[in-house]
Each structure stands twice: as C-alpha cells, then as structure tokens.
Amino acid sequence: MGNIDLHTHSTGSDGTDTPEELIKKAKYMGLSAIAITDHDTFAGVEEALAAGEKYDIEVIKGAELSASESGAKFHILGYFFNESGTELSEYFEMKNKFRRERVKKICEKLNDVGINLKYKDVVPEGENISPGRANVAKALVDKNYVSNVSEAFNKYLIKGAPAYVAGMKITPEEAIRLIRENGGKPYLAHLNQINLSDKELSEYLEVLKCKGLEGIEGYYSEYSINQSEKYIGYAQKLNLKISGGSDYHGEVKPAIFLGTGMGNLRIPYSVLEKIKN
Ligand code: AMP
Ligand code: FE
Ligand code: FE
Ligand code: ZN
C-alpha cells in the first residue's frame, strides 16, 4: 500500500485544484488514499469520489469545520461522513451564506483602501464554493495587487489588517457533535496553530475527548519533528488516535505538496487502518 494524505483542499473551498485534479495528482504521487477536507462544505466530494473510481484511489468523504472557544481557534476534521443529515447540510448552507457575505464585506473594506476587487473576482458567478480569505488572497495576486498569498494575508486579511472581517464560528463541542451525528470521525487539525499554551492544549484535549473527539493530527506539513512527537505523546496519554495530512491547497500554499507536505511528510496506510477500526 502507498502512502496517504488525510487533509486536502480543492476548488470546493479555498484550494486551486479541482477535485479531479487533486485525485490525478494523488495517483501521480503514488498515494493510495486521500481524504478531501474542504472548509465547511462537501462541494468537491462527489467529483472526488468519481475520480477516485477512475484512478483507483481510495477517497474519503471529509470536511474541515472551523470552531472557536474563548478566543482560541480550532479546526476539526471529519472523516467518513455517510449521507449527510439535514442538520449538517443546513449548517453548511448557513455557513456558506455567511462566508459569501463575509467576502463581500472584505471586498468593500479593500475598496475603501483603494483596491478595486469585486465579489465576482473572488467567487465567479454560478460557482458552488465555500469561499474564505485564501480565495480573496488568490484574487489579489491574480490582479497584481500583491505578489503572493502570504503578502495578501499580512497586508490586508489578518486580524488587525485593514480588510479583516471575523469569521463565524461554532464551538469545538458543537463541531464534534455535528460530525459524529453524520457518521463522521472527528480529529483535531494542526495543533501547532492553536493559540493555547502546551499545558492548556493538553488539558483541553481531555475535555474534547469527553465530547467525542476521536483523535488528533499527529503528522502535518508544518510540524517540526519535536512537535509531531509532542502531539503524538499527548494522544497516547489520552488514548486518542492519530491522523495525518499535508493541508494541500495547490497554488494558495505553493510550498506544500500533496502527500509529502514540505518534503519530509510520509503517512503510511496503517494510519488510516487504525482510524477505520
Ligand atoms: P478563513 O476560513 O476564511 O478565515 O481562512 C482561513 C484559511 O485561510 C486557513 O484555513 C488557510 O487555508 C488559509 N490561510 C490562513 N493564513 C494563510 C496564509 N498566510 N497563507 C495561505 N493561506 C492561509
Ligand atoms: Fe484553507
Ligand atoms: Fe485548517
Ligand atoms: Zn485545511
């Protein structure tokens, strides 16, 4: 069995590869399984599943839900959703509307500082996507207002910058419940990005486990070896499982490759086998 990647984004949210391109790339990279985990949507799942059949890649129906509590931000991945129940569909629909309104507000704020960016430059008409700040960043690059996505975030889109608009977030507990009630297995993503101290994080993991969290991302593009060992240590202590992925977004995060992350990431199929059991 080849290696796997359980954290990927497509044009269903803020990635730049279509779901089919993502699967083709997985084939090219010699991967055997991929989870498609777009932000707050299943928009890319159907096409990814069909491409998985075509290219003989195991495709896992996933999503990444944004959550926050007391100022700390959490991204929760769900894997193996079954037919989504109405509550999750309604949540995604509501969240999607909010994300679109937010992009409109960001564009207005950009207009106020002299940047001519329109909503349709970010979300082309008729496209069924769940847009975020990365889509705005990509449009700013395309229109030559900045030279890359990082510059777009730092200059305009991060908290404190002139075009920042806060996102709408549910609590991690609510995200875990929504995932589980729709057959999904919840895993906490990129622990290095959570604005908590190590002590707070390890204590909070225990709380989340009680709420139904099944595991954490133990392998991730941007973890150092020490971070990976530390988080896997937390998981072992609490009897949480381990997942792993690159957080591939295509051109929006050009330094991150599918499957191999920043070059050293290798996630064996056995990780997925443990998640399934
Ligand atoms: P949003 O959900 O709209 O608040 O955007 C958050 C998403 O933007 C993250 O999940 C990343 O995919 C992306 N993102 C955040 N910061 C950066 C950055 N500096 N460069 C590229 N993408 C970023
Ligand atoms: Fe993203
Ligand atoms: Fe994330
Ligand atoms: Zn992600």
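None of the figures in this text is laboratory data; all of them are computed from the coordinates on show. All values derive from a computational prediction rather than experimental measurement. When we count neighbours, we look across all protein chains shown, and the Cβ atoms used for this are built from the backbone with ideal geometry, even at glycine.
Placing unit charges on the Cβ atoms of the charged side chains and taking the dipole of the chain about its Cα centre, the candidate lying farthest along the positive direction among Ser221, Ala166, His75 is Ala166. Counted by Cβ distance under 12 Å from Leu22, the other residues give a net charge of -3, where Lys and Arg count +1 and Asp and Glu count -1. Considering only Ala255, Ser243, Ile4, and ranking their Cα positions along the charge dipole of the chain that arises from unit charges at the beta-carbon of Lys, Arg, Asp and Glu, the one farthest toward the positive end is Ala255. For Lys185, the lysines whose Cα falls under 24 Å of its own Cα, not counting residues fewer than eight places away in the same chain, are Lys61, Lys73, Lys95, Lys169, Lys209, Lys211, Lys230, Lys237, Lys241, Lys274, Lys276.
Each Cα pair under 8 Å and six or more residues apart adds its sequence gap; the mean of these over the residue count of the chain is a relative contact order of 22 percent.
Order these peptides, 149-162, 248-261, by their mean beta-carbon neighbour count within 10 angstrom, highest first.
My ranking of the peptides, most packed first, is 248-261, 149-162.
The angle between the Cα long axis of helix 172-181 and the longest principal axis of the Cα atoms of the chain comes to about 70 degrees, rounded to the nearest 10. Amide H to amide H, with H built 1.01 Å from N, His7 comes under 5 Å of Ala35, Ser246, Asp247, counting only residues 5 or more places away or on other chains. With an a/c value of 1.5 or above and a/b not larger than b/c for the gyration tensor axes a ≥ b ≥ c computed over the alpha-carbon atoms, the range 150-230 is described as oblate. Binning every alpha carbon pair distance of the chain at 5 Å from zero, what are the percents per bin? With a bin width of 5 Å, the distribution comes to 1, 6, 13, 17, 19, 18, 14, 8, 3, 1, 0.
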